[in-house]
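Below is one structure, written out as structure tokens, with a few remarks after it.
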Amino acid sequence: MPSIHPTLQESALLVIDVQDSFKATPRWERRDNPALEAHLDRLIRAYRAAGLPIYYILHSDPDEAFRTTSPHYKLMDFLEPRQDEPILHKVTRNCFTSTPLQRLLTQQGVRRLAITGIQMEQCCETTARLAADLGFAVDFVVDATLTFPIPHVVDGRLVGELGVAEIKERTCYALRGRFARIVETEQLLRELGAE
């Protein structure tokens, strides 16, 4: 009988949109989390060691670097999925609507998700919200996501920008206690028994 509160042994790691498409844009130089790769590497190793599933997701849209025909439309080089770690392709902000993710997770008995990747307040947050609505417990690994300042453009003119500290604060406030548990890499690793 499944537990009321899914344990980490019922968890899967989602690595969302960690793709070269972002490196091909000027905003990459303004990313907020230079430790993303190191945190993801440690989480991937821990999930593998625990025998838990890992899913990689790529995002495509009409922007040149995000087109499926672009040479940038691929996982970043530091990621090396194993044969049993699926790479899914999505065209929506969340990872469920345009992929078979929900079915695959259900088939594997996954009831809890660790959310990581790019961008924190877009595809990662949107996936966390939908995952919670679908009944998954969600661990939003905030230091294993990253984002960029958001420009505020009115009538084609830049009038301001929302900084990454404000984006992170808003994302954590919006998700915490409603859609997800906000955690950092070290905490999740300890809970997985990897530290």
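The values are calculated or read from the model by the stated rules, or taken from the named source; none is laboratory data. Everything quoted here is computed from the prediction, not taken from an experiment. Here Cβ is always computed from backbone atoms with ideal geometry, including for glycine, and neighbour counts include all displayed protein chains.
Within the stretch 7-38, being closer than 18 Å to I115 by Cα, hydrophobic (A, V, I, L, M, F, W, C) and in contact (Cβ under 8 Å) with a residue 12 or more places away in the chain holds for L8, A12, L13, L14, V15, I16, V18, A35, L36.
Within the option set R190, R129, R170, being exposed (fewer than 15 other Cβ atoms within 10 Å of the Cβ), in a helix (DSSP H, G or I) and under 17 Å from the mean Cα position of the chain (by Cα) holds for one residue only, R170. The residues of the stretch 138-161 that are over 19 Å from P53 (Cβ atoms) and surrounded by 15 or more Cβ atoms within 10 Å (Cβ to Cβ), listed by number, are V142, D143, T145, L146, T147, F148, P149, I150. Restricting the stretch 1-27 to residues that are acidic (D, E) and within 21 Å of V110 (Cα to Cα), the residue that is surrounded by the most Cβ atoms within 10 Å (Cβ to Cβ) is D17. Taken as a whole, the structure leaves D133 outside the set of residues that are at pLDDT 95 or above and in contact with a His (Cβ under 7 Å, 6 or more places away or on another chain). E161 satisfies every condition listed in (1) touching a helix residue (DSSP H, G or I) at 6+ places or on another chain (Cβ under 7 Å); (2) part of a strand (DSSP E or B); (3) without any contact (Cβ under 8 Å) to a residue 60 or more places away in the chain; (4) not basic (K, R) except (1). One residue alone among R30, R48 is among the basic types (K, R) and surrounded by fewer than 14 Cβ atoms within 10 Å (Cβ to Cβ), and that residue is R30. With respect to the conditions (1) within 26 Å of Q187 (Cα to Cα); (2) among the small types (G, A, S); (3) at pLDDT 95 or above, S3 falls short on a single one, namely (3).
Give the residue, chosen from P86, P100, that is within 15 Å of the chain's Cα centre (by Cα), without any contact (Cβ under 8 Å) to a residue 40 or more places away in the chain and farther than 24 Å from E121 by Cβ. Spell out how you get there, then give the answer.
On the way: P100 fails: within 15 Å of the chain's Cα centre (by Cα).
The match here is P86.
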